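Computed from the coordinates by the stated procedures, all read-outs in this text should not be read as laboratory data. Here the structure is a predicted model, which means the values were calculated and not measured. Note that we place each Cβ from the backbone using ideal geometry, even for glycine, and neighbour counts take in every protein chain shown.
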Amino acid sequence: MSYRYLGNKTKLTDWILEIISDLVPTEARVADPMCGTGAVSEAFANNGHFVLAADVLKFPTLHAKARLNFTGEADFSVVGLTNYQDAVNILNDLPGIKGLFWVEYSAAGQPANSSKPRRYFTGENAAKIDAIRRQILAWRRAGLKDEVADVLLHDLILAVNRVANIMGTYGYYRTSWNRESLKPLKIIPSKASPYAGVKHRILHGRVQELVAQINTCDVCYLDPPYTKRQYGGNYHILETIAQEDEPEPAGEGGLRDWRPKASDFCYKRKAPGAFRDVLQRLTVPLVLVSYSTDGQILPNDLTALLSEYGHVTRHEISFTRFDSNGRGGPKKPLQEHLYVLERS
């Protein structure tokens, strides 16, 4: 699943699995409550683990459902359709409508709270997004099961990512069109998950709200944000698709109100307290923490903080910084650390 995402661990999953495989058996239950695109959750499932995946934002949970639980077969008879491919074909053939995305996020629109059109999408693609959103919501209200409608939203988000006129995240749009953004939006069907028979569990909420479920697992993998960039603001458009709502976009960038989902891990002064708040609630015997040397807390300081709760070992690997601006050129080399906390 191609995805431009802050902190994406796709390239590090083999390294993470190598470490965890030396610590716990494959039958261990693993929680990934900050799952992002679901790449690490999928790697855990591929390694044979039962996975509990979650996120404070809703759109990552749609990806986790598709990657872990989608069987490829779904009952569409309640909305008069034959199968999943039939639904995808209908969505791709819909004529565009002038809804929220056309008005607020297209070059053809007239946003209410901006001095100029927001060029996230061409007018044609934005209108198509509006039409597909409306149809999926109509099917859901007509009785299509949530897990099926959620996979269609996952598919829409991936299609949106392919044609978005952005540098890397949705904090702002490009002033000139990139080549991909001029192509017509098209939904590509998701493949069935090879792990669906396990019926992994997907939840929506903050770690602190889900500790009762997380503490039923043997391992908790924490991948908190470690820079000042808030995911709710940087991925506001994807969250609006997932939420199926009509927020009032604000400012020149058209952000939805992301503050209710703001993370204390993004603030230098609050990050240590955020770690302690989570660790005091968790009772799982093994906690893994992914964190970069680019983070708000220095490696030795984080090691000391985690050591308040048990024995800590630190593993490290070199990687390349995520380039949200797409400017190319040499990138600052960084170290990704995986802290292993064995509770005392």
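As a test of the formula, what do you get for the chain when each DSSP H run with n ≥ 4 contributes -39,500 (n - 2.57) and the sum is divided by the residue count, at 222 nm and rounded to the nearest 500 deg cm²/dmol?
Only helices count here, giving -10000 deg cm²/dmol.
Could you give the size of the charge dipole of the chain about its Cα centre, using +1 on the Cβ of each K and R and -1 on the Cβ of each D and E, expressed in debye and rounded to the nearest 20?
Roughly 1040 debye, rounded to the nearest 20.
For the chain, what size does the Cα cloud have along each of its three principal axes, sorted from largest down, in whole Å?
Cα extents, longest axis first: 59, 46, 33 Å.
For segment 85-240, what does the relative contact order come out to in percent, with C-alpha contacts under 8 Å and a separation of six or more?
20 percent
Length gain on complete extension for the stretch THR26 to ASP245, per 0.36 nm per residue less the alpha carbon to alpha carbon distance?
Additional length available on full extension: 74.9 nm.
At what distance in nm do the modelled label points of LYS11 and ASN215 sit from each other, each positioned 7 Å from its Cα along Cα→Cβ?
3.9 nm
What does the charge count around VAL56 come to, taking other residues whose C-beta lies under 10 Å from its C-beta (Lys +1, Arg +1, Asp -1, Glu -1)?
That sum, taken over residues with Cβ under 10 Å, equals +1.
Taking the Cβ of GLY254 as the center, what net charge do the other residues with Cβ under 15 Å away carry, scoring Lys and Arg +1 and Asp and Glu -1?
Taking every Cβ under 15 Å from that of GLY254, the sum is -3.
Under 1.5 on a/c is rounded, so check that first for segment 170-260, then, if it is not, pick prolate when a/b is larger than b/c and oblate when it is not; a ≥ b ≥ c are the square roots of the alpha carbon gyration tensor eigenvalues.
Oblate, because a/c is 1.5 or more while a/b does not exceed b/c.
Would you work out if segment 90-149 is rounded, prolate or oblate? Take a ≥ b ≥ c from the square roots of the eigenvalues of the alpha-carbon gyration tensor; rounded if a/c is under 1.5, else prolate when a/b is larger than b/c, oblate otherwise.
Because a/c hits 1.5 or more and a/b exceeds b/c, segment 90-149 counts as prolate.
Let me have the relative contact order for segment 178-296, percent, based on Cα pairs under 8 Å that are six or more residues apart.
Relative CO of segment 178-296 lands at 36 percent.
Using +1 at the Cβ of each Lys and Arg and -1 at the Cβ of each Asp and Glu in the chain, identify which of SER176, LEU238, HIS204 lies farthest towards the dipole's positive end.
SER176
First select every other residue whose beta carbon is under 13 angstrom from the beta carbon of ALA28; then total the charges, Lys and Arg +1, Asp and Glu -1.
Charge balance near ALA28 sits at -3.
For segment 66-78, in order, what is each residue's ³J(HN,Hα) by Karplus, 6.51 cos²θ - 1.76 cosθ + 1.60 with θ = phi - 60°, in whole Hz (x at glycine and Pro)?
For segment 66-78, the Karplus curve yields 5, 6, 9, 10, 6, 7, x, 10, 8, 8, 9, 5, 5 Hz.
Got a sec to turn the phi values of segment 136-143 into Karplus ³J(HN,Hα) couplings, 6.51 cos²θ - 1.76 cosθ + 1.60 with θ = phi - 60°, whole Hz, x for Gly and Pro?
Using θ = phi - 60°, the values come out as 4, 5, 5, 5, 4, 5, 7, x Hz.
Would you mind telling me the antiparallel percentage of the DSSP bridges in the chain, rounded to 5?
55 percent
So what is the diffusion coefficient of segment 1-133 in µm² per second by Stokes-Einstein at 37 °C and 0.692 mPa s, using a Kirkwood Rh over Cα pairs?
Translational diffusion coefficient: 185 µm²/s.
For the pair LYS145 and THR227, how long in nm is the line joining their label points, each one 7 Å along Cα→Cβ?
4.0 nm
What list of ³J(HN,Hα) couplings, whole Hz, do you get for segment 244-255 from phi and the Karplus terms 6.51, -1.76, 1.60, once you set θ to phi - 60° and write x for glycine and proline?
The phi angles translate into 6, 10, 10, x, 8, x, 10, x, 5, x, x, 6 Hz.
Pairs of Cα atoms under 8 Å, at least six residues apart: use those to get the relative contact order of the chain, whole percent.
19 percent
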